[in-house]
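*Asks:* One structure, pasted below without further comment.
The values are calculated or read from the model by the stated rules, or taken from the named source; none is laboratory data. Keep in mind it's a predicted model, so treat the numbers as computed, not measured. Please note: Cβ atoms are built from the backbone with ideal geometry, for glycine as well, and neighbour counts cover all protein chains shown. Just the protein is used for accessible areas: all its heavy atoms, side chains included, with ligands, DNA and RNA removed. Shrake-Rupley method; radii C 1.70, N 1.55, O 1.52, S 1.80 Å.
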Amino acid sequence: MTERKPIEYWLSDMDGVLVHEGHPVPGADEFIRRLAASGKPFLVLTNNSIYTRRDLSARLAALGLAVPAESIWTSALATARFLADQRPAGSAYVIGEAGLTTALHEADYVLTDISPDYVVLGETRTYSFSQITQAIRLIEGGARFVATNPDPVGPSQEGSLPACGAVAAMITRATGVEPYFVGKPNPLMMRTALNVVGGHSEQTAMVGDRMDTDIVAGVEAGLETILVLTGVTRKDEVGRFPFRPHRVVPSIADLIDLVDA
């Protein structure tokens with residue numbers, strides 16, 4: 001593969017890279033400490049739109065991972081930035097929780113069910129049939145359809161839960177309108193993160209555990225891609241994809257020394 005410049009900016013997925021099944025991945029705490037000490041800008045990325053960045057920072061801190069709120073980038077924040085760029089000071093009917101509603105309020109958006117510019121679908125622990133019905137009717141009335149991420153299911157202690165992508169499919173089936181998904185694997189998520197850290201694609205690495213989201217988005221955004229094997233994608237599955245990561249390593253612990261390289 002082509003020669004890359006030294007890594008000066010770091011983007012990392014959260015679940016499967018730093019955290020796995022509610023526990024920190026061994027070496028994740030030292031990786032974060034080494035990044036902070038190096039002074040190199042970094043962001044932890046997640047498609048989860050439920051929590052604010054402060055909420056996620058506190059949850060990571062409880063696991064021993066010292067990630068400041070400003071170093072977290074969610075699909076909710078990327079969605080809010082996208083909408084603010086497309087239609088400044090617009091309006092939206094939102095299905096989601098604090099992570100999404102807070103991001104939209106901070107982007108100077110009005111949240112309303114009266115002739116909104118957009119219907120914005122995010123993650124929530126309890127999808128409401130009445131809210132979904134309202135979303136369908138507003139889209140039928142001309143509202144544009146945006147969703148934070150295409151993930152069809154999410155984990156819980158009881159098993160899989162329907163997530164944003166599955167509910168979006170229901171709304172699409174009812175309306176015939178496809179949503180614009182902002183989160184991974186859309187490379188827009190990476191490009192907005194790059195803007196936040198002030199990075200350049202040729203000097204930025206994306207660390208992820210999924211070939212079909214993290215790695216493909218990094219490839220399409222022109223980043224150096226690093227796959228860790230502590231999450232979804234197994235080593236024997238890598239060769240099945242038409243694109244390749246620049247590196248495949250067992251875990252985030254194997255990247256600690258690369259921070260200072």
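*Asks:* About its Cα centre, what dipole magnitude does the chain give when the only charges are +1 on Lys and Arg Cβ and -1 on Asp and Glu Cβ, stated in debye to the nearest 20?
*Replies:* The dipole magnitude comes to about 200 debye.
*Asks:* Using each residue's phi in the stretch 59-71, evaluate 6.51 cos²θ - 1.76 cosθ + 1.60 at θ = phi - 60° and report the 3J(HN,Hα) Karplus result to the nearest Hz, with x for Gly and Pro.
*Replies:* 5, 5, 4, 5, 9, x, 10, 8, 10, x, 4, 6, 9
*Asks:* While we're here: Relative to the longest principal Cα axis of the chain, at what angle does helix 164-175 sit, 0 to 90 degrees, rounded to 10?
*Replies:* With both axes taken from Cα atoms, the answer is about 30 degrees.
*Asks:* Name the residue farthest towards the positive end of the dipole of the stretch 87-181 from the options VAL153, ALA103, VAL119, assuming +1 on Cβ of Lys and Arg, -1 on Cβ of Asp and Glu, about the Cα centre.
*Replies:* So the residue we want is VAL119.
*Asks:* What is the chain's relative contact order, in percent, from Cα pairs under 8 angstrom and six or more apart in sequence?
*Replies:* 22
*Asks:* Can you tell me how much longer the chain between PHE129 and HIS20 gets when fully stretched, taken as 0.36 nm per residue apart minus their C-alpha distance, in nm with one decimal?
*Replies:* 36.1 nm
*Asks:* While we're here: Share of the stretch 87-181's accessible area from carbon and sulfur, percent, 1.4 Å?
*Replies:* Using a 1.4 Å probe with all protein chains present, the stretch 87-181 comes out at 53 percent carbon and sulfur.
*Asks:* List the relative contact order of the stretch 87-181 as a percent without decimals, with contacts defined as Cα pairs under 8 Å and 6+ residues apart.
*Replies:* After rounding, I find 24 percent.
*Asks:* A further question on this structure: What whole-number value in Å² describes the accessible area per residue of the stretch 87-181 for a 1.4 Å probe?
*Replies:* Solvent-accessible surface per residue comes out at 51 Å².
*Asks:* Per DSSP H run of n ≥ 4, the term is -39500 (n - 2.57); total these for the chain, divide by its residue number, and report the mean residue ellipticity at 222 nm rounded to 500 deg cm²/dmol.
*Replies:* -9500 deg cm²/dmol
*Asks:* Can you tell me the orientation of helix 129-140 relative to the chain, as the angle in degrees between its alpha-carbon axis and the longest Cα principal axis, to the nearest 10?
*Replies:* With rounding to tens, the tilt is 80 degrees.
*Asks:* If amide H atoms are built 1.01 Å from N in the plane of the peptide, which residues on other chains or at least 5 residues away come under 5 Å of the amide H of TYR180?
*Replies:* Residues meeting the criterion, in which the H sits 1.01 Å from N, are PHE145, VAL146, ALA147.
*Asks:* Name the residues whose placed amide hydrogens come within less than 5 Å of the amide hydrogen of TYR93, ignoring near sequence neighbours (fewer than 5 apart) on the same chain.
*Replies:* Those lying under 5 Å, H to H, from TYR93 are THR112, TYR118, VAL119, VAL120.
*Asks:* Out of all DSSP beta bridges with both ends in the stretch 87-181, state the antiparallel percent to the nearest 5.
*Replies:* The antiparallel fraction comes to roughly 15 percent.
*Asks:* Taking every alpha carbon pair in the stretch 106-162, what does the distance histogram look like in 5 angstrom bins from 0, in percent?
*Replies:* 4, 15, 23, 24, 16, 10, 6, 2
*Asks:* Quick one: angle between helix 28-38 and the longest Cα principal axis of the chain, in degrees between 0 and 90, rounded to 10, please.
*Replies:* Relative to the chain, helix 28-38 is tipped by roughly 80 degrees.
*Asks:* Moving to a separate point now. How compact and how long is the chain, expressed as Rg and Dmax of its alpha-carbon atoms in Å?
*Replies:* Using the Cα atoms of the chain, the pair Rg, Dmax is 18.3, 55 Å.
*Asks:* For a quick size check, give me the Cα extents of the stretch 38-148 along its three principal axes, largest first, whole Å.
*Replies:* Each principal axis gives a Cα extent; for the stretch 38-148 these are 51, 29, 16 Å.
*Asks:* Another question about this same structure. Using alpha carbons only, what's the Rg to Rh ratio of the stretch 128-195 with Rh from Kirkwood?
*Replies:* Over the Cα atoms of the stretch 128-195, Rg/Rh equals 1.04.
*Asks:* Also: Take the alpha-carbon positions of the stretch 87-181, form their convex hull, and give its projected area averaged over all directions (one quarter of the hull surface) in nm².
*Replies:* Directional mean of the projected Cα hull area for the stretch 87-181 stands at 5.8 nm².
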